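To start, the structure under review is shown below, and the notes come after it.
The values are calculated or read from the model by the stated rules, or taken from the named source; none is laboratory data. Note that the coordinates shown come from a computational prediction; the quantities given were computed from them, not determined experimentally. All Cβ positions, glycine included, derive from the backbone under ideal geometry; neighbour counts span all protein chains shown.
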Amino acid sequence: MRAQRSELVAGVVVAALVTGCLESNPWFEEPTASGAAASTTQAPTTGGTTAAPPPTSSTSAESTTTTTGSETTGLTADTEFSTSWPLSTSTTEWFSTGDPWTCGDGVPEGPEQCDEGADNSDKGACTTLCTTAACGDGFVQTGVEMCDDANFDPSDGCVACVVPHSCKEILDNDPQASQGQHWVDLDGPEPMPLIPVYCDMTTAGGGWTLLERSPRSDPIGRALFKDAPENPGNPQAPRYRMPRGAMGAAAVISTAMRLDCGGSDYLLTAPQSLFAGEFGPPNCTNAGPVLYQEAELKQYKLTNVQLCTVFVGLGDGQCAGAWSIDEENQYDCLLQAYPWAGNNEAISPPSADAFAVDPQQVDAGHDCHKPDAVRRIMVR
């Protein structure tokens, strides 16, 4: 009997200890599949008193009430100590806890547009910023772009990620390109650097690169085949002419040459005619036939016609006029006189040096012979 009494006492002690341990954390719950504690918890009872349930964790701060016996206590859940489960893996959560992706690991993820790992390159299709190469991003993609200055100014030597060789190429890549000074690379990858040029973007479809601007009041008056630059660094100057080398480079990449004086009178020929007369006589007899696709004088228009043209001018020894046409004197080139009206009918005064701004004989009704006339020679 004594032994049984001892065993009974021991059992009561163990039960009491176990009950005490359980009551030290009476609100413990297993995480639910939804990531939040059950909305209703059955509170254990001790000695007829209802134990208060724990505050429910939440990802947003909200008011929670806890009841103990007859007392009600207001508690506020703190987001910082949230115990919701499982932890969120949304993009928003990634940004709030730090980027989980790494540009260069070969796996496009998050905001990356691409990721080729070790092959990422600022010269390739996927940049070192894990962005897809595109014109305007400031990186030059090998084999695709010639330049990329990250702006949309077509006049600075880079237009639509192309280094332009001519005003025509600028206009082709940017139809809204403005008239005025632009930078071009006339000879492509060769040693000649970018140079400033004047682009006429309106005359006859635009895209013309200016080679010479010669005012009637102060004419240049030199044969085009001679190297006689005027203000080569300032193509907007009133008196301007490219160096011969640059003029030749511009002609090589062009398909047309135009001469006009700002009105309806003009000549249109092949750019290969630019240096015509180079191997002619070294005096005022230096003239020869030139084939013009179009030639208009005083509203008389000719197409695909040869006209005898004088290449030397006032500055070359008081000659008739640099690049001029005397409709009366076409016989020097074995051509028929008075080509515009025909039937030996002249439309200008005798021996007038049409299209020259340094003429020996003037036609007051001709665009190029007006006091404020400015002659332009352009290629496209």
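Scanning the stretch 335-380 for residues that are farther than 29 Å from G248 by Cα and among the charged types (D, E, K, R) turns up E345, D363, K370.
Quick grid of which residues meet (1) surrounded by fewer than 16 Cβ atoms within 10 Å (Cβ to Cβ); (2) more than 19 Å from A320 (Cβ to Cβ); (3) not charged (D, E, K, R):
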position	(1), (2), (3)
A256	no, yes, yes
S264	yes, yes, yes
P271	no, yes, yes
P281	yes, no, yes
Q293	yes, yes, yes
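Only one entry of S178, S214, S155, S121 meets the criterion of being touching a residue at least 40 places away in the same chain (Cβ under 8 Å) and of a type in the set (S, T, N, Q), and that entry is S214.
The set of residues from the stretch 117-141 being crowded, with 17+ Cβ neighbours inside 10 Å, under 16 Å from D105 (Cα atoms) and hydrophobic (A, V, I, L, M, F, W, C) comprises C126, C130. Within the stretch 360-371, the residues that satisfy the criterion of being in contact (Cβ under 8 Å) with a residue 40 or more places away in the chain and either of a type outside the set (D, E, K, R) or not assigned by TED's automatic domain parsing to the domain that holds Y300 (or both) are Q360, Q361, G365, H366, C368, H369, P371.
For the stretch 310-327, how many residues are buried (at least 22 other Cβ atoms within 10 Å of the Cβ) and of a type in the set (S, T, N, Q)? Here the count works out to 1.
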